[in-house]
Each structure stands twice: as structure tokens, then as C-alpha cells.
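Notes follow once the structure below has been shown.
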Amino acid sequence: MNVERLAFPAPILCIDDFLSDEDANSVFEECVGLKNVFMPAMVGDGGGSLKCDPTLRKNEVAYLSEIFRTAPERSRILMAMKKGMSSEEASSAWRRDGLLFDILNYANNREVVVSRFGNCDFFAQHRDVVMGQNSPRRLVTLVYYVNSVPERFTGGSIVFRDGGESVKVQPRHNRAVVFVSSTLHEVEGVQLESDAWEDGRFSINLWAGFREAR
């Protein structure tokens, strides 16, 4: 696991070799195998609801937190991500930024989604923040890239922006990117070499925050 803090006003960690090769391959196999449960991605409409808007976002997603809600242990993705996030190296990386990224360890609300970008897919500038009734459900975002090797697509980098500054991170296989959910970012357009489902740009998107105690 190779951890790098990017030179950017907002804290961003780029972690290569986040999972073992075996776990990374297992995650990719499940991403491909879930093809039939993917659906068009949506964006917030500003009023608390979601809508499809291909001018802002065009890609497909599978909501793992819902699919495996009653049996998360059945998902190789969820188990591998849990293992990677709780490893000694990862836990040390979270703690080095004080309590900010350490939220990944003790948040009581986690959402996990598999995202696939096909040819010409993109996601315009946005922030990941979602508020619950009285508490933030998303404070820290972890994006894990898992793709065929070598990748059969180009583009799809995540671009962070802060004032006049920007930094771009490529979606390399077995790379995790961690950032504050309120950081402005976008996903550049993707170009695929073929129409094969497994050739798309895949990522596991995990958001950590809090929900109210009932």
C-alpha cells in the first residue's frame, strides 16, 4: 500500500495497491457479475429528490448497501473494502489527518455504490454532501478504482477544484482516493475501446458520515 497526500488546499489521499491482488480481482469479478442490477445514475434536484439528468451525469450504478442490506457478508466487494479500510496501513493513514479521515473508522452511516462509466459517460462538477434530518450523512468519500488490466478505456479521471487550483487523479486499477465529501470534483468523459460491459470504468464509491440515533 503506497499512500500519498496530494498537494492541494483540501486534504486528498491517493493510495495505490489498496487491496491485495486477490481481493482486487475478486472485487472486479463481482462488479462485472452485478451487471443486471445496475441502473441509470441520478442527481439531486435541489428539493430533496433525485432525478436523471444526462446533462449533468451519465453513467450507471448498483446500490450495494441496498442489494446486500440484510446480508453484507454475501458481497465480496463489501468484505474486501472493509478489510482494506481496517488494515493497519489504512488506519494509520486515516489517523495522520486527525479526526477528519478517521471518520472512516467510526462513522455510523456508510453508503456503498458500484459505479460504471461507459463510452462518453461523465459526471459534471458536484459535491458529495448529503444531509440527513439533522446530521451529515456524508463527510468523507472513498473512491476505489477496479478495472481490467490493462484498462480498455481512456479518460475518466477525477478532477478536484478549489478556487483557481485543480488536481487530476487517474482511475488506475487498485487505487483508492479519499477526500472530504464537500470537495468540488468532477469525472471527465470516458472513451471505451469496445462495447463489452467488463471494459467500462468501474469504481466503488463509499461515503462515511452519521445518522441520528433512533
| task | Give Val159, Val143, Val167, Val129 a once-over and let me know the one that is closer than 17 Å to Pro11 by Cβ, aliphatic (A, V, I, L, M) and not in a strand (DSSP E or B). | result | Val129
| Only one of Phe160, Phe202, Phe123, Phe153 is touching a Cys at 6+ places or on another chain (Cβ under 8 Å) and aromatic (Phe, Trp, Tyr); which? | Phe202
| Residues being part of a loop (DSSP other than H, G, I, E, B) and buried (at least 16 other Cβ atoms within 10 Å of the Cβ) - total across segment 190-214 | 2
| field | Residue check, Leu139 surrounded by 14 or more Cβ atoms within 10 Å (Cβ to Cβ), of a type in the set (A, V, I, L, M) and at pLDDT 95 or above | value | no
| note | Per the filter on segment 181-208, residues more than 16 Å from Gln125 (Cβ to Cβ) and among the small types (Gly, Ala, Ser) are Ser194, Ala196, Gly200, Ser203, Ala208
| query | How about segment 1-34: which of its residues are among the aromatic types (Phe, Trp, Tyr) and either loosely packed, with under 15 Cβ neighbours inside 10 Å or not in a helix (DSSP H, G or I) (or both)? | reply | Phe8, Phe18
| said: Being more than 30 Å from Gly164 (Cα to Cα) and surrounded by 14 or more Cβ atoms within 10 Å (Cβ to Cβ) narrows it down to one residue among Glu111, Glu88; which is it? | reply: Glu111
| note | Filtering segment 11-62 down to residues that are modelled with pLDDT of 95 or more, farther than 30 Å from Ser166 by Cβ and out of contact with any Lys or Arg (no Cβ under 8 Å at 6 or more places or on another chain) yields Ser20, Asp21, Glu22, Asn25, Val32, Gly33, Leu34, Lys35, Asn36, Val37, Met39
| request: Would you please name the residue that is farthest from the chain's Cα centre (by Cα), looking only at residues in segment 91-108 that are open to solvent by less than 30 Å² (accessible area, probe 1.4 Å) and of a type in the set (Phe, Trp, Tyr)? | output: Trp94
| query | What residue, of Val37, Val43, is touching an Asp or Glu at 6+ places or on another chain (Cβ under 7 Å) and either closer than 20 Å to Trp207 by Cα or open to solvent by 10 Å² or more (accessible area, probe 1.4 Å) (or both)? | reply | Val43
| said: Take the residues in segment 184-211 that are among the charged types (D, E, K, R) and within 19 Å of Gly33 (Cβ to Cβ); name whichever of them is nearest to the chain's Cα centre (by Cα). | reply: Arg201
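The values are calculated or read from the model by the stated rules, or taken from the named source; none is laboratory data. This is a predicted model, so every value here is computed, not measured. Quick reminder, even Gly has a Cβ in these numbers, built from the backbone with ideal geometry, and neighbours come from all protein chains shown. Side chains are part of the model used for accessible areas, which takes the heavy atoms of the whole protein and leaves out ligands, DNA and RNA. Shrake-Rupley method; radii C 1.70, N 1.55, O 1.52, S 1.80 Å.
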